[in-house]
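Following: one structure in structure tokens, then a few remarks.
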Amino acid sequence: MSERRYEPRRYPWHVRDSGQLLLVVAAGVWLMASVTQTAAEGLKDPRIAIAFGALIAFGELLRLNLPGDRESAPIGFAGALAYALLIRVGTHDVHYSAEQVVTVATIGMIIGALPHLAVGRPARVGGMAVRLLCVACVAYIFRPLAGNSAVDQHWGLAASLMTALAVLALLLEAVLTALMRVDEQRARFRVALVDEMRVQLPLGAAVGASALLIAFAAEVMGLAALAVFTAPLLVTQVAFRRYAGIRATYLQTVRALARVTEIGGYVEPGHSERVSRLAVAVGRELGIHEPQLLELEYAALMHDIGQLSLHDPIPGGATVLVSRQDQQRIAELGADVIQQAQVLGSVAEIVRRQNEPYRAVDAEPDGAGAHAQGSRPPGPPLSSRIIKAANAFDDLVGSSLDPARAAAAVQRLRLDTASEYDPATVEALSRVVSRRSVIQL
């Protein structure tokens, strides 16, 4: 009977997305209450509602994927926030409720998501639920104040309040998205939140500014403000889409380059991909931030590229079974190849040092000539230590899903933590492997 393939990203939905399910349920309950209230009161200012609903649907139709498999709809989110913060359109004061804001935003999101479903793309319900909850919070705070004479008549007070609520919405989006990533990827919340704010800050600033400009300009320009102040955000979104596309193409190129060792028979099929996924999971377990995780993924994919220089391939490509000198020679050759790209210098350094022992081993017996604790040279970088452990684990386990074999491989790595492997890295790897074994069983 052939062994099952090792597919570490396949998790049951209830294990992977329990946090997302909670958000969707919360948004659904809020939506049902809002629709019921809006139906009972009747739709107020229907022309304005239709215009903003169309803008939200247009934004959902043009949603984009940001680095790290993040989904965003900047135009739709800006339109929904502007609708929640609207005070006046031309000379007409608007007096609709927060429930109507939630209803219009949801209908716009659903209409905008339908074309994606029609062509087989995922609905991304989690991202829609996050945006809806953020808009709902702003609407329930601001709509009762929109008819207040102090807010209507004092521009400075209105601007301060609306700006604070826009910032609150963007921060809430970052927090909720970080919570979902913690649930999906087992990342640390602090790390996930910092990464989320770093990625979302440039686009979030454009979203918040566009929402405020639309809400304020509508008093002078009417509904034409939607088109005028959506255009700059559309240009910004195109630039972000191009950047995300370049990054995705770059990663695909690295993956293709990594497969050369498999096609040439130097390593087992799927080895580089398995090591990469395992290394990234261990990196998240240790709290590495996303920019360093991307470098770790690149280095793990190309960690064996130096084997192309060997006259005779290592049996099974298992570098853990060859001498330290051969391991280091392969690492040096691989780093030299990567260095030629001239844009992956840090990745080349990670690959170059992947086979260095975690602790220096004194060459002379009885401690003669040994380094003092304070003068001992620093060990390899954390990313190199992670790749060293992940590569050794996959060399010993391969594509097998046998939990006993995985446990034996982890135990073997633990026996070498005195010098070869970083104990913290091995323990993080053990936790990752243990979780996957439980899920797969």
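Say whether the condition of being at pLDDT 90 or above, small (Gly, Ala, Ser), in a helix (DSSP H, G or I) and open to solvent by 10 Å² or more (accessible area, probe 1.4 Å) is met by at least one residue in region 285-307.
Looking through region 285-307, none of the residues is at pLDDT 90 or above, small (Gly, Ala, Ser), in a helix (DSSP H, G or I) and open to solvent by 10 Å² or more (accessible area, probe 1.4 Å).
Among (1) modelled with pLDDT of 90 or more; (2) over 19 Å from residue 230 (Cβ atoms), which single condition is residue 23 missing?
Failed condition: (1).
Looking at region 196-233, which of the residues that are open to solvent by 60 Å² or more (accessible area, probe 1.4 Å) and of a type in the set (Val, Ile, Thr) is farthest from residue 72 (Cα to Cα)?
220
Is it true that some residue in region 154-166 is open to solvent by less than 70 Å² (accessible area, probe 1.4 Å), out of contact with any helix residue (DSSP H, G or I) (no Cβ under 8 Å at 6 or more places or on another chain) and not in a loop (DSSP other than H, G, I, E, B)?
yes
Within region 175-274, which helices (runs of 4 or more DSSP H) (wholly inside it) include 2 or more residues that are at pLDDT 85 or above, under 29 Å from residue 286 (Cα atoms) and touching a Leu at 6+ places or on another chain (Cβ under 9 Å)?
189-221
Is it fair to say residue 48 is in a helix (DSSP H, G or I), in contact with a strand residue (DSSP E or B) (Cβ under 8 Å, 6 or more places away or on another chain), modelled with pLDDT of 85 or more and surrounded by 19 or more Cβ atoms within 10 Å (Cβ to Cβ)?
yes
Scan region 52-81 for residues that are open to solvent by less than 20 Å² (accessible area, probe 1.4 Å) and of a type outside the set (A, V, I, L, M) and jot them down.
52, 53, 59, 60, 67, 70, 72, 74, 76, 77, 79
Only one of these conditions is not met by residue 136: (1) surrounded by fewer than 16 Cβ atoms within 10 Å (Cβ to Cβ); (2) part of a helix (DSSP H, G or I); (3) of a type in the set (A, V, I, L, M, F, W, C). Which number is it?
It is condition (1) that residue 136 fails.
The values are calculated or read from the model by the stated rules, or taken from the named source; none is laboratory data. It should be emphasised that the depicted structure is a prediction, and the values quoted were computed from it without experimental measurement. Cβ sites come from the backbone with ideal geometry, for glycine too, and all protein chains shown count toward neighbours. Side chains included, ligands, DNA and RNA excluded: accessible areas come from the protein's heavy atoms. Shrake-Rupley method; radii C 1.70, N 1.55, O 1.52, S 1.80 Å.
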